[in-house]
Amino acid sequence: MLTGCTPWPEELQRRYREAGYWEDITLWQMFEQSATKTPDRIALVFEDQRITYRELERQANRLALKFSEIGLKNRDRVVFQLANSPELIYAFYGLTKIGVIPVMALPAHRFTEISHFAGHAGAVGYLIPNQIKDFDYRELAGEITVAVPSVQHIIVAGQANEGQHSLTDWLAEPKVPGDEYRGDQGDPEDVALMLLSGGTTALSKLIPRTHNDFVYNCRQSSVVSSIDAKTVMLTLLPMSHNYNLGSPGILTALASGGCVVIASSINTEHVFSLIEKEQVSLILGAVPLVTKWLTSDIPEQHNLSSIKIIMNGGAKLAPELRQRIQTKFGCVFQESFGMGEGLLNLTRLNDEDEVILHSSGRPMSPGDEIKIVDENGNEVADGEKGELTCRGPYTIQGYYYAPESSANAFSPDGFYHTGDLVCRRNGYLYVEGRIKDLINRGGEKVSIDEVENHILADDRVENVSIVAMPDAQYGEKACAFVKLKAGQKLTREELTSFLLDRGIAKFKLPERLEIVESFPLSPAGKILRRELRRIIEETIKAEQESEQAKQRVSQL
Ligand code: AMP
């Protein structure tokens, strides 16, 4: 296994093989099995392109060869920041075929994040779109190569700058028969990809997922979500995130001979036209999308009878909204509560409504071991709240080159401490809160520590504390309580522009700024976040009430 990663103890490895969880094939081989079985079936739909399994395999093979020709090889790491598109999938499989490890970044990431991923991973390459809206990734890549000299290959989907490679040109070259990659392939026991922790430390840790574990992740999630060759899966959110990749996601659909429809926008009209046109059967939803659909009358203007499952993942969806989904769309709702580190819990399609509406699902594999523990690490009784810890055939045993964070997050017997507070009832988990310091913005995780550190770098700021505030569409957003230095002033716009200049992703920006004279403190002098959360909740509630009162008056 790649150095810097923690393998499963031999005893567990043996157990996982004996139980048939680990097939000892790579992600590429899993895809090839589908491509061989149904070469003419449509694998991908994007805008006006309909791509068969044969074509997908051909393009991935072509890229595997190109990647190896420029010098990428087994166990090299590359930062992978492509936007949702067929190219993302060609490139992902092309890399995994030759054992190159993609570090799955999101299009929203900027210099601070990308330089950290590249530096920490020792990346030799960086895959980017050319431009999205007014942001030019080729320029960012130029800055990254200066900051992280190990990054030598910039590969661009679209037109490349001088010294960079164009993936699009590679894909358009005529294929020379017999011109195939014949070198090393990935090893099933080795790392296939690295995901980013949605964790609490200042910068994301890298989560090394092996072929064996991720192949199993796809196989088992396809069983639990009934994903097969008839499935037409709609993907809307960044496909590089674990939820859309394999919880269950596009890799699961492609391993099952299904079709993946890639939306080019999350505009509601576009989404529902696409569902009708492509006869989508499974939608990978998330809190902000679902809340938007439920208040829109656009869905009713379309024939949506093909929808069998609407899934929610990344953050909990309220029971009331789950009920409304089932009623409005006449389908089954499925909750996906998973994490990049591995464990995936799903409600079952034939569960009682009570469970479907309220629970966060149960572990998808019989090989998942769950312990719910109190602060002292002792297991709590069923029905009592505690921290969810887990171990299993697709849950990692440690982060990549992060001994301290790994020691904090994994117990000596390999159980991952999720930081999620849950109750277990009849084998089902119910997420009740969390002990980790982060904001879950509709599934997008923001480390409080990281953003506070950036804000503290502002000369006007004496101290800051960020807390989650309730939000109707996203579930929660970040509110920054700031104490300024004497005589200073700061608006949210000024803070935003200061943070953007520091090169962080936009989704991390606090969406409210509260200037305070002092912070509520514990007897030990620690800022009481609990109290800040209460203050902002009450303020928002009062504002909403006064807004409603105003509306009532204006209607008189
Ligand atoms: P990530 O690794 O970015 O997918 O984040 C994983 C974390 O997201 C989990 O540990 C939970 O805190 C949270 N999460 C994901 N899905 C759900 C869900 N359905 N309900 C509640 N929390 C969720």
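Tabulated data for the structure shown
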| read-out | value |
| --- | --- |
| Accessible surface of the chain [probe 1.4 Å, protein heavy atoms]: carbon and sulfur percent | 48 percent |
| Normalised contact order of region 438-555, rounded percent, pairs of Cα under 8 Å and 6 or more residues apart | 23 percent |
| Surface per residue (accessible, 1.4 Å probe) for the chain, Å² | 42 Å² |
| Lysines whose Cα lies under 17 Å from that of Lys541, excluding same-chain neighbours fewer than 8 positions away | Lys477, Lys550 |
| Interchain or long-range residues, amide H under 5 Å from Ile132's placed H | Tyr137 |
| 20 Å cut-off, amide nitrogen to a point 7 angstrom out along Glu143 Cα→Cβ, residues in region 52-95 | 79-83 |
| Leu349 accessible area, assembled protein chains, probe 1.4 Å, Å² | 50 Å² |
| DSSP bridge orientation in region 154-309 - percent antiparallel, rounded to nearest 5 | 35 percent |
| Relative contact order of the chain, pairs being alpha-carbon contacts under 8 Å that are 6 or more residues apart, as % | 12 percent |
| For Gly314, distant residues with modelled amide H under 5 Å away | Gly338 |
| For the chain, share of DSSP beta bridges that run antiparallel, in % to the nearest 5 | 55 percent |
| Pairwise FRET efficiency - Glu517 versus Thr36, Cβ, R0 = 56 Å, nearest 0.05 | 0.25 |
| For region 360-368, Karplus couplings with θ = phi - 60° (6.51, -1.76, 1.60), whole Hz, Gly/Pro x | 9, x, 10, x, 7, 10, x, x, 6 |
| For region 230-243, 3J(HN,Hα) per residue [Karplus equation, 6.51 cos²θ - 1.76 cosθ + 1.60, θ = phi - 60°, Hz, x = Gly/Pro] | 8, 5, 10, 9, 9, 10, 10, 8, x, 6, 7, 7, 3, 4 |
| Region 23-207: antiparallel DSSP beta bridges as a percent of all, rounded to 5 | 35 percent |
| Expected 222 nm ellipticity per residue - DSSP helices of 4 or more, -39500 (n - 2.57), all of the chain, to 500 | -10500 deg cm²/dmol |
| Sequence-distant residues sharing a close amide H with Ala263 (under 5 Å, placed H) | Thr235 |
| Calculated FRET efficiency for the pair Glu537/Lys506, C-beta based, R₀ 30 Å, to 0.05 | 0.75 |
| Shape category assigned to the chain from the gyration tensor of Cα positions, a/c cut at 1.5 | rounded |
| Residues Asn267 and Asp228, FRET efficiency given R0 of 45 Å [Cβ-Cβ distance, rounded to 0.05] | 0.95 |
| Length released on extending from Ala472 to Ser150, taking residue separation times 0.36 nm less the Cα-Cα span | 111.5 nm |
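The values are calculated or read from the model by the stated rules, or taken from the named source; none is laboratory data. None of these values were measured; they are calculated from a predicted model. Please note: Cβ atoms are built from the backbone with ideal geometry, for glycine as well, and neighbour counts cover all protein chains shown. Remember, those area values only see protein heavy atoms, side chains included, never the ligands or the DNA or RNA. Shrake-Rupley method; radii C 1.70, N 1.55, O 1.52, S 1.80 Å.
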